[in-house]
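For reference, the structure is listed below as structure tokens.
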Amino acid sequence: MTDVIKTDVMIVGAGPVGLFAVFELGLLDIKAHLVDILDKIGGQCAELYPEKPIYDIPGLPKISAQGLVDNLMEQIKPFSPQFHLNEMVEKVERIGDPLFRVTTNAGQVFECKVLVIAAGGGSFQPKRPPIPGIEVYEAKSVHYAVRQMEQFRGKRILVAGGGDSALDWTLNLAPLASHLTLLHRRQDFRAAPDSVNKMMTLVGEGKIDLVLGQVTSLEGQDGQVSAAIVKRTDGSIFNIACDAILPFFGLTMKLGPVADWGIAMRDELIPVDTGTFETNVPGIFAIGDINTYPGKLKLILSGFHEGALMAQKAHRYVYPDKRLTFQYTTSSTSLQKKLGVD
Amino acid sequence: MPQITFTDSQGNSRTVEGDIGATVMETAIKNNVPEIEAECGGACSCATCHVYVDEDWREKVGGPSPMEEDMLDFGYDVRPNSRLSCQIKITADLDGLKVATPDRQA
């Protein structure tokens, strides 16, 4: 059991809106920890469209999505936010007034006075390939992510897919596996050309097999797979014997456990008060794409505004005895001190 | 209006009318054709409107774009005549088009 981390604020989601919330909270002397299921900071901006330009960030006529994330990271640096990546908040319990115990899927427990949900469209989760009966093998011998490479040492591995994850893990696991087969539907790969070339070299050297086809069903028992039944493009069927299957069919956004945290929801969104962006549970806020209110626009700039107002109300929970004076970063020496720019 | 026939995985067929300029996916959804999900709403970013184009119609309908091919990687039982129905625009030429749906979408 790991130690409980105590913090003022927990932010669920490290996308642009969650990041800017760190800034607004930081100006009010409020520290934050952020949890994100992705392995990187930046949410959809970093995962889905890092290279794509954004044209509607006030004051930035054109910036790439990754550029925006990088800028936000620089902007919030003075407040040293703590990130917990590759983790998803599973459970939220109210244990005080307000005080929350938050547990992630990695077993990490946090205690926070304020919970800010900035989870966008929900959590990114691996897409389950449309193979009948695959559910019974999940976690035991079908894996959608590699947590420990050692787990695959000496095994016969089947990697399915044609994107970067499929190719990266093919290259990484090939030296460990007793045998590795990469299965893809067609000759063309979506992955980076460099990875494809490296993979083709391994195939040329006879170190791995490349098979063109699609898995139609699985054989095995008690959750342990023994073979994949594969159909080639010409319709012929054959078996690939394997101990582990790693399907990489991209990510999909799912609302995830948010719905179980006791917050009122409407059509998979969280209704909020537009003066504070607080949910129906005092101390739990929702900002960015995941909230809803009359006139809501799913824009990054709206999420920034929502974070600023959230911080004002959060201050009352974190420092119930302190009066909050409104200040500008341009003129306030105390704010400039916090930013380290005086 | 062009007529489009959808045959489901059980072999049941239904013929519906489609608007010129609309997509085959939109036509299916509008007419409650089963086995077409269209989760992403036509943005070519899922593979849940997957259909098999009847062999006689393949040439007229044409093949998938590279982006559509990428999405078809996520489909189930993808075949040489597979297309995403959100990427097939109905034209007068496609009157009588026949497509079949797979027994599961991605």
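Taking the criterion of being free of Cβ contacts under 8 Å to residues at least 12 places away in the same chain, within 14 Å of chain B (Cβ to nearest Cβ) and not charged (D, E, K, R), the residues of segment A:215-244 that qualify are A:GLY235, A:SER236. Checking the stated criteria, A:ALA106 turns out to be within 22 Å of the chain's Cα centre (by Cα), part of a loop (DSSP other than H, G, I, E, B) and over 27 Å from B:GLU37 (Cβ atoms).
Taken as a whole, segment A:256-265 holds no residue that is closer than 22 Å to A:TYR144 by Cβ, in contact (Cβ under 8 Å) with a residue 24 or more places away in the chain, surrounded by 14 or more Cβ atoms within 10 Å (Cβ to Cβ) and not assigned by TED's automatic domain parsing to the domain that holds A:VAL102. Within segment B:30-76, the set of residues being assigned to a helix (DSSP H, G or I), acidic (Asp, Glu), open to solvent by 20 Å² or more (accessible area, probe 1.4 Å) and within 13 Å of chain A (Cβ to nearest Cβ) comprises B:GLU69, B:ASP70. Count of segment A:28-55 residues, restricted to those that are open to solvent by 20 Å² or more (accessible area, probe 1.4 Å) and not aromatic (Phe, Trp, Tyr), is 15.
Within segment B:85-106, restricting attention to residues that are within 14 Å of another protein chain (Cβ to nearest Cβ) and surrounded by 14 or more Cβ atoms within 10 Å (Cβ to Cβ), which residue is nearest to A:PHE248 (Cα to Cα)? Only one residue tops the list, namely B:ALA106. Picking from residues in segment A:125-137 that are open to solvent by 20 Å² or more (accessible area, probe 1.4 Å) and under 20 Å from the mean Cα position of the chain (by Cα), the one that is nearest to the other protein chains (Cβ to nearest Cβ) is A:LYS127. In segment A:274-332, which residues are charged (D, E, K, R) and open to solvent by less than 70 Å² (accessible area, probe 1.4 Å)? Correct list: A:GLU278, A:ASP289, A:LYS296, A:GLU306, A:LYS313.
Does A:THR276 satisfy the criteria of being closer than 28 Å to B:ALA47 by Cα and out of contact with any Asp or Glu (no Cβ under 8 Å at 6 or more places or on another chain)? No; evaluated as a whole, the condition is false for this residue. Just one residue in the set A:ILE57, A:ILE37 is modelled with pLDDT of 95 or more and on the phi < 0 side of the Ramachandran plot; that residue is A:ILE57. Scanning segment A:227-246 for residues that are open to solvent by less than 40 Å² (accessible area, probe 1.4 Å) and either hydrophobic (A, V, I, L, M, F, W, C) or not assigned by TED's automatic domain parsing to the domain that holds A:LEU180 (or both) yields A:ALA227, A:ALA228, A:ILE229, A:VAL230, A:ILE240, A:CYS242, A:ALA244, A:ILE245, A:LEU246.
Within the set A:LEU72, A:LEU19, the sole residue that is over 17 Å from the mean Cα position of the chain (by Cα) and assigned to a helix (DSSP H, G or I) turns out to be A:LEU72. Every test in (1) in contact with a Ser or Thr (Cβ under 8 Å, 6 or more places away or on another chain); (2) within 14 Å of chain B (Cβ to nearest Cβ) is passed by A:TYR144 save one, and that test is (1).
Selection of segment A:158-214 for residues being of a type in the set (S, T, N, Q) and more than 11 Å from chain B (Cβ to nearest Cβ) yields A:SER165, A:THR170, A:ASN172, A:SER178, A:THR181, A:SER195, A:ASN197, A:THR201. Residues that are open to solvent by less than 20 Å² (accessible area, probe 1.4 Å) and on the phi > 0 side of the Ramachandran plot: does segment A:6-23 have at least one? So far as segment A:6-23 goes, yes, one or more of its residues are open to solvent by less than 20 Å² (accessible area, probe 1.4 Å) and on the phi > 0 side of the Ramachandran plot. Considering A:PRO130, A:PRO126, the condition of being in contact (Cβ under 8 Å) with a residue 60 or more places away in the chain and of a type outside the set (A, V, I, L, M, F, W, C) is satisfied by A:PRO126 alone.
The values are calculated or read from the model by the stated rules, or taken from the named source; none is laboratory data. Remember, predicted model here, so these are calculated numbers, not experimental data. Glycine gets a Cβ as well: all are built from the backbone with ideal geometry, and neighbour counts include every protein chain shown. Just the protein is used for accessible areas: all its heavy atoms, side chains included, with ligands, DNA and RNA removed. Shrake-Rupley method; radii C 1.70, N 1.55, O 1.52, S 1.80 Å.
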